[in-house]
Every structure is written in structure tokens, then in C-alpha cells.
Amino acid sequence: MSETAAATDGALETRGIEQVPDHERTARVRGLFPTWVGANISVLLLTMGASLVVAYRLGFWQAVVVGVCAPVVSYGLVGLVGIAGKRGGAPGMALSRAVFGQRGNLLPGALIWVARWGWETINAVTGAYALLSVLDILFGVRADAAWDIVTLLAFVAATFVISGLGINAVRKCNTYAAYLFGAFSVLVLGYLVAETDWSAVFGRPAGTVAAMVTGVGLIAAGGVSWIPTAPDFTRYLPRTASAKGIVGVTVGGAGIVVLPMVLMGSVMAVSTPDLASAADPVSFLGEILPTWIAVPYLLIALIGMLLINAMSMYSAGFTAQTLGFRVPRHWAVSVNAVISLVLGGVLMLAATSFLGSFTAFLSLLAVAFSAWVGVFGADMLRRREYDGTALADTTRSSAYWYRGGFSPAAVAAWAAGLAAGLLFTTSDWFTGPLAGNNVVGEYGLGWVATVLLSGLLYLTLPKPAVPPARPRTEEPEPPSA
């Protein structure tokens, strides 16, 4: 049976949060590579690379170190949690029921779902800005409130179509986008090599080690947001798939995009320092690059943002289902589409600094996701299988009901990690009381503290025994045509 036939009924994926039967799990580990390439095709990485030079005052080689370390740290965690997907054959927030309990899972699930609204809003706004920039370059269309809403609506609608179709649509679009983006990135790199004043780039003084660590935390925070969704993209892998391969391909797919994008942004910022503080994060490309490169590059970046949001909304549909929305996955996706449209309109019309809002959001987003990551990751050390029947059973008869529907150890560790992370977090929107008096707060590593504290606390607390997984009852494989 082909991978396409296994994953979908026709063009539309009909599976929700239920466990994928073994006969449908025919995906390949190498298929994750374009998935994580596509998840990082974002001009926001250029802006973040520029901030390393302008805000953190790093030198070129320091930016190289940051660009290497950030995807290794964040997407290494994505790959590790993705192993749970091939073990359990279900989305991340459904597998999370085995850890937190059927009711306890509603707590981190609700927070992650709300946090994903913000991530999708940021992506939607960036995509709308990219479309506005193309219209400006080609037709002289000047952005105003009306055009802001029109382009935002077009972007969100296209995102909904892709994410609503399901996993195969996301995979195919990511594969094509990866090739296109790679080709045009080579053109941009070639142009920068030829036109950049390299003496100015290499002549910049080095920044502090503290600034480098903070830079790694900033760029890694975007990857951290994908960790809870990692099993969503590995659940069609067979149980025999290589765990090392999952981690390696995930880090490789992300790193091959993150490093050059961050470096391009840091190089561009030497001649255009306003890049790091622009209210519109993408229009600068039309000013820095010649039209014959800028237009196709912006269009591909627009496609990239579409795919990032499609992946996010795809996973958000599963999260909504785990929270009790008893609707098909593609309709659950529509809830997030409407929310990102409303919040995106507010951000485009009211925000004075896109990068400031984005950076503040990233710092809080990473903490919100990391509390779950610490507990779930620690639980993976003792759990090799997930009972599909127990995952789907939300009643008291479920093996994952534990104590009143809660796993006290998991919920307590998650809450403590979340609280500690916020204490050490600083941003334009929120500053914890311990953020400025220690190295964790100084380096912007509140999310790291969250992962470590929640994970270690979960390991030390008494936990319910892992119930043995019941024998799997396979759905009959449909006859070949």
C-alpha cells in the first residue's frame, strides 16, 4: 500500500487523534527532512539573525556559533519527542493523556492550544506582510488598513485549505517548497557574497558570551514550539523506524535552513541596521535585494509561512479534539483559522513594533511549551508503548484515568515547572521577579529552567505504574484495487 493511500481517504486525511493501525504506518524517516525544512522557511529568521548583530552586538563568527547551536538544541528535543509518535502512533497531545491522565491532560493541552494561537497569528501576519511587499514592488500597492485585512484573509484561507486536507498535503507542499527555497536561497547568498562589504562584517567587535547564550535561547525558542507536535508527524512511521534517524533527520532538516537564514540576516544588518527593528519584518527585502531576486524570494517565503502555519493548524486541530471538541479534525482546524485572523488583524493594525511583540511572545511561548516538554520527555524514559484503547477512552474505565482522571506527579511537576520558568523570564510583556538577579534570567533561559525543573521533579515524585499495553486490535486492511 502506498504512503498516500495509507494516510488518507482520497485527498482528505480522515484520521483524528485515534491510534494509527500498523498496516497504515508506511511512512519513511527520510520523509521528515522536507517537513522540518518547510517548518523553518520563514523570513523571521532573517530578522532574528539581524537582531544578533544589532541588539546583542555579536560578531559574525559568534552568529555562526549561535546559528549552529540553536537548531541542534531545539530540534534535537523535537526529534527525541518525535520518537513517541512512532511508539504510540498518535498525535502528541493524545499521547499526553497517558502521562497526565485523561482530565489532567486538559491543563497543559488548553495552555498549549492558546499559545499556538499566538504562533499562528505571528506567522499569518508575516505572510500577509510578504504578500503586501510583493504587491508593492510589482504594482505600487501601498499598505493600508484595508489591504492589511485583505492580504491577511487570503493568507489564513490558504492555510486552512492546506492544513484541512491533512498530512499528505502538508508533506507534498513541504517537499516542493524545500527545493524552491533552497534554489533561491543560493541566489540570495550569491548576491550577498558579491555585494556585501565583508570588511565591515568581519570588522565588527565580538560581543559577550552572555549575549551569545541569550541569542541561542532566542532562536531556539521557535523550535521549542514544535516539540509537543513532533509525534503528529511521526505517527505514520512503523514501530521499527530508527530513533537515531528520527533525531538526525529532524535536526538536519531544520539546521540546513536556520543556519544560512540567521547568517544572511546578520550580514544584511551590517548595512541595514533598521532590519532588526522594522515594524514590517519583510519589506526590507525589497530594498536590499534587486527586484528579480526579491520578488520570487518573497513569494517563496510566503509559501513557507503558509506551510508553517498549515503545520501548526494541523496539530492544533488534534489539540482541540483532545480538549473535547467532538468535530472532525479539519473542522477543528477552522477554529484556529478564525482566531488567527482576528488576532492577526489586531496585531497588524495596532502593534507599533513587530519584532518587539514577536520577541516578547517567543519568550513566553517557549516557557508555556517547555513545562509539558519536561514532564513528557521524562516519562518517555520509562514508557515504551502507549495503549491505543486507553488513550481513546476518556471515562473512568480508562487505564489512563489514574486518580480522579489526573496523574498527580505529572500535573504537579508541570505546574511547578511552569511557575519557575515564568519567575526567570523577562520580556516586554512580562518580567518575572527573579529574572534579573541570576544567570538564568540574564541569559533568557527561563524555558531551559522550565524543562529541567519539571522533568527532574516528575522523575522524583511517586508516579502511578505504567499499565501494560493491551494487545492491539488491528483494523482490517482494505483490499488492493
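The values are calculated or read from the model by the stated rules, or taken from the named source; none is laboratory data. Everything quoted here is computed from the prediction, not taken from an experiment. Here Cβ is always computed from backbone atoms with ideal geometry, including for glycine, and neighbour counts include all displayed protein chains. Heads up: the accessible areas ignore ligands, DNA and RNA and are worked out on the full protein's heavy atoms, side chains in. Shrake-Rupley method; radii C 1.70, N 1.55, O 1.52, S 1.80 Å.
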For a label point 7 Å along the Cα-to-beta-carbon line of Arg384, residues of the stretch 224-242 with backbone N under 18 Å | 238-242
Could you give me the ³J(HN,Hα) list for the stretch 390-404, computed from phi with Karplus coefficients 6.51, -1.76, 1.60 and θ = phi - 60°, whole Hz, x at Gly and Pro?
-> 5, 4, 7, 8, 9, 9, 5, 7, 5, 5, 9, 7, 6, 10, x
Assuming R0 = 22 Å, what is the FRET efficiency of Val466 and Ser242, from their Cβ-Cβ distance, to the nearest 0.05?
-> 0.40
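Before anything else, pin down the relative contact order of the chain: Cα pairs under 8 Å, at least 6 apart, normalised by residue count, whole percent.
Relative contact order of the chain: 30 percent.
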Ordered by packing density, taken as the mean number of other Cβ atoms within 10 Å over each peptide's residues, highest first, how do 410-422, 165-177, 40-52 rank?
-> 40-52, 410-422, 165-177
Over the stretch 125-182, equivalent-ellipsoid semi-axes from the Cα gyration tensor in Å | 26, 15, 6
In terms of solvent-accessible area of protein heavy atoms at a 1.4 angstrom probe, what is the ranking of Asp22, Asp393, highest value first?
-> Asp22, Asp393
Measure off 7 Å from each Cα along the Cα-to-Cβ vector at Thr291 and Thr272, then give the distance between these two points in nanometres to one decimal.
-> 1.6 nm
Ignoring ligands, DNA and RNA, what percent of the accessible area of the chain is carbon or sulfur (1.4 Å)?
-> 68 percent
Per-residue accessible area for Val338 at 1.4 Å probe radius, Å² rounded to 10?
-> 90 Å²
What FRET efficiency comes out for the pair Ala146/Thr14, r = Cβ-Cβ distance, R0 = 30 Å, nearest 0.05?
-> 0.20
Helix-derived [θ] at 222 nm for the chain: sum -39500 (n - 2.57) over DSSP H runs of at least 4, divide by residue count, nearest 500?
-> -22000 deg cm²/dmol
Of all the C-alpha pairs in the chain, what % are more than 42 Å from each other?
-> 14 percent
Whole-Hz couplings from phi, Karplus 6.51/-1.76/1.60, listed for the stretch 86-103; x for Gly and Pro = 6, 6, x, x, 9, x, x, 6, 7, 4, 4, 4, 5, 8, 9, x, 4, 8
First obtain the Kirkwood hydrodynamic radius of the stretch 149-287 from its Cα pairs, then insert it into the Stokes-Einstein equation at 4 °C and 1.567 mPa s, and state the resulting D in µm² per second as a whole number.
-> 70 µm²/s
Accessible area (Å², per residue) of the chain, counting only protein heavy atoms and a probe of 1.4 Å | 38 Å²
Scalar couplings 3J(HN,Hα) for the stretch 206-221 by Karplus 6.51 cos²θ - 1.76 cosθ + 1.60 (θ = phi - 60°), nearest whole Hz, x for Gly and Pro, are 6, x, 7, 5, 4, 5, 5, 4, 5, x, 4, x, 4, 6, 5, 4
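What ranking, highest mean first, results for peptides 215-223, 100-108 when packing means the other Cβ atoms within 10 Å averaged over each residue?
Ranked from most to least packed, the peptides come out as 215-223, 100-108.
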For the stretch 21-163, one quarter of the surface area of the C-alpha convex hull, expressed in nm², comes to 12.7 nm²
